[in-house]
1. State the number of residues belonging to the range B:91-135 that are within 14 Å of chain A (Cβ to nearest Cβ) and among the β-branched types (Val, Ile, Thr).
2. List, please: which pairs have Cβ atoms under 9 Å, are six or more places apart or on different chains, and start with a residue in the range A:31-56 that is at the interface with another protein chain (Cβ under 10 Å from one of its Cβ atoms) and over 16 Å from A:ALA189 (Cα atoms) and end with one that is part of a loop (DSSP other than H, G, I, E, B) and of a type in the set (Lys, Arg)?
3. Does at least one position in the range B:286-297 carry a residue that is modelled with pLDDT of 95 or more, within 15 Å of B:GLY358 (Cα to Cα) and touching a helix residue (DSSP H, G or I) at 6+ places or on another chain (Cβ under 7 Å)?
4. Residues of the range B:291-316 being assigned to a loop (DSSP other than H, G, I, E, B) and not aliphatic (A, V, I, L, M), which ones?
5. Among the listed residues B:SER246, B:SER252, B:SER222, B:SER237, identify the single one that is assigned by TED's automatic domain parsing to the domain that holds B:ASP160 and over 30 Å from A:GLY3 (Cα atoms).
6. Touching a helix residue (DSSP H, G or I) at 6+ places or on another chain (Cβ under 7 Å) and at the interface with chain B (Cβ under 9 Å from one of its Cβ atoms): is that true of A:PRO15 in this structure?
7. Quick one: would you say B:LEU253 is under 21 Å from A:THR244 (Cα atoms), within 22 Å of the chain's Cα centre (by Cα) and either modelled with pLDDT under 95 or assigned to a helix (DSSP H, G or I) (or both)?
8. Tell me, please, whether a residue that is surrounded by 22 or more Cβ atoms within 10 Å (Cβ to Cβ), of a type in the set (Gly, Ala, Ser) and within 21 Å of the chain's Cα centre (by Cα) can be found in the range A:38-57.
Number of protein chains: 2
Amino acid sequence: MHGDRLLLGPGPSTPYPEALEALTRPVLGHLDPEYLGVIGEISDRLRAVFRTANELTLPVSGTGSAGMEACLASLVEPGETVVVGVNGYFGERLCEVAHRGGARVVRVEAPWGTALDPADLLAAQRANPHAALLAVVAAETSTGVRNDVAPLGPELARTDTLLLVDAVTALGGTPLEVDAWQIDACYSASQKCLGAPPGLAPVTLGPRAVERMRARTTPIRSFYLDLGLLHEYFLTSPPKYHHTASSTLAYSLHAGLGRLLEEGVEQVWARHARIGTMLQEALPELGFSLVAAEGVRLPQLTAAVLPGGLDDGVARKRLLAEFGIEVGGGLGDFAGRAWRIGLMGHAATERSVVTLLGAVRELLAS
Amino acid sequence: MHGDRLLLGPGPSTPYPEALEALTRPVLGHLDPEYLGVIGEISDRLRAVFRTANELTLPVSGTGSAGMEACLASLVEPGETVVVGVNGYFGERLCEVAHRGGARVVRVEAPWGTALDPADLLAAQRANPHAALLAVVAAETSTGVRNDVAPLGPELARTDTLLLVDAVTALGGTPLEVDAWQIDACYSASQKCLGAPPGLAPVTLGPRAVERMRARTTPIRSFYLDLGLLHEYFLTSPPKYHHTASSTLAYSLHAGLGRLLEEGVEQVWARHARIGTMLQEALPELGFSLVAAEGVRLPQLTAAVLPGGLDDGVARKRLLAEFGIEVGGGLGDFAGRAWRIGLMGHAATERSVVTLLGAVRELLAS
């Protein structure tokens, strides 16, 4: 027996039917012209969703964390300084990955549940003008907070510091404009608002980032996550073999992106906004309190502190066992007392909201 | 239209039907108890195939190259020495990954098409007694050569040098005994003799390797491929979140391993031996000459120089377009003049051999 889940946690979200169906197609070799054609189409579709013309736009063979590490490993050399915005778990992860990679990390903090102040980030860059990169999580999956990254690019474009944006939960869920916002590097994940299963990490690098990578004086420490080699494999003709990428996951992401673009990027953003608001208006009536401050709430990911009557462990177990619904537990200070509810991609529907609310009402009543 | 391929290249191979079917199961969250139960079963199944009792046995979320990098990054500290056997492309890759990771690399070479001499490898270790690790590819996918790794473990067990074996093409195809041969660390890939699609890299670490990882004085440079963190996520209760692993790929590997174990590990080795021999006896009759020297030929991967009448590019294109058959091109000195033919997992059948030979006869005739 295989459980059938409504996935309303922080990701994976329940994929689009098209994305699941695509998994059953015959496996193709990693150098098959037909497969590489699909990679080309995925790159085109990713450009449309990232809102960029960047040539180096491709799916890394790994999860969002692999995308994060690919960007940091490829763009930062050991000993260089990196400014990181930290107001949640994934800001911390950026620090951890950068630190392991040999970078000097300058933290710019804000309390969990609040947004980073772009002025603070820019001030930290001015205090560290030679910083290689400034990294911010656009949608902090641990708290449901939206960090405003739009003001950063135009300022950093006048410096030697690149702007790296974590769009793991943001991409395809809330407005993100890689080119218009002058974002130099951006990564995401297949299993959230893009509506495909996990396993691929879309990455895009702009001209300044590509130039930075080319001008390195030390080799990229990771072979597997070297974005230069991935570029030569996926987007260069003839392709230069690098690793045995999975056509299965590629076809699925291709289908998820197709479904998204058929609906329209702005229409998808509007749907996420509408569905998230529907949930966020209802939760307080059931006794939940929202973690993210008003005005900076993500619609696609809601962190909410449980009402007194609900025990986290018991309630999530019942939700899964009795209703087949997954929500995520809290992270950090919110572990054991908050939930993280994702309404992403195919799961961002009215039906998801009424299903979850109905199940929670049952839990509260018994 | 989606091409339907008989995959007879160096991998991916055509997966077992059970492994394809498993892809369609509903996606589960990466912390779902049902998913983690399946990971536990995958670990058990991998132990049976690796022939080990090693507790740290798990699927890394990446391809075989990610498994390689996970082992080297987790077990070697910058500045340490690594002895690497090099008689093909993947021995070179071991050098490359180790070098990027900051290791001092000592190469022990043999010509492509011949096997490494275990005595040479052990002599290099004696000359570098503080080497952290000695790494060898058991089945060199670039040439179809089997390197004899069995004599290495007992000797290295008396030293401080760990034995790392690349079993990407070997595992489930030819005899490999992690415990009996005293192999400290070993990695493979899902898409070759295990009969699942690409995307996961089985890894197993023995007690000496785990101890080495624990005793490190520097952090593992990679977060994504840190085998200590992966152990805490996959095999520790409660699981410590690390990344969003793909239940889709896990179910597929689980099914492929199930099919393999149903047949029996030794029976699968015997099947690969029988089918590979069938091909290798027939190829010379068609004018091919085998790259690997007699006595060290892998049955699951045959590299063969083309007869005069066949142009590599044209013939492989026709094979794919007219017959829907993929074989691999040559690597290194063999690029443009040899093929690499895989008969692995579900594709290791009499039917694959007669199909390929029939198609090649057609190509030679026209």
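1. 2
2. Final answer for the pair search is A:ASP32/B:ARG5; A:GLU34/B:ARG5.
3. yes
4. Looking only at the range B:291-316, we keep the residues that are assigned to a loop (DSSP other than H, G, I, E, B), and these are B:291-296, B:298-300, B:306-311.
Once the filter is applied, which keeps residues that are assigned to a loop (DSSP other than H, G, I, E, B) and not aliphatic (A, V, I, L, M), the range B:291-316 yields B:GLU294, B:GLY295, B:PRO299, B:GLN300, B:PRO307, B:GLY308, B:GLY309, B:ASP311.
5. On the way: B:SER246 fails: over 30 Å from A:GLY3 (Cα atoms); B:SER252 fails: over 30 Å from A:GLY3 (Cα atoms); B:SER237 fails: over 30 Å from A:GLY3 (Cα atoms).
One residue alone meets the criteria, B:SER222.
6. On the way: touching a helix residue (DSSP H, G or I) at 6+ places or on another chain (Cβ under 7 Å): yes; at the interface with chain B (Cβ under 9 Å from one of its Cβ atoms): yes.
It is true that A:PRO15 is touching a helix residue (DSSP H, G or I) at 6+ places or on another chain (Cβ under 7 Å) and at the interface with chain B (Cβ under 9 Å from one of its Cβ atoms).
7. On the way: under 21 Å from A:THR244 (Cα atoms): yes; within 22 Å of the chain's Cα centre (by Cα): yes; either modelled with pLDDT under 95 or assigned to a helix (DSSP H, G or I) (or both): yes.
When the stated conditions are applied, B:LEU253 passes them.
8. No, because not a single residue in the range A:38-57 is surrounded by 22 or more Cβ atoms within 10 Å (Cβ to Cβ), of a type in the set (Gly, Ala, Ser) and within 21 Å of the chain's Cα centre (by Cα).
The values are calculated or read from the model by the stated rules, or taken from the named source; none is laboratory data. Just so it is clear, the structure is predicted and the values come from calculations on it, not from any experiment. Cβ atoms come from the backbone with ideal geometry, glycine included; neighbour counts cover every protein chain shown.
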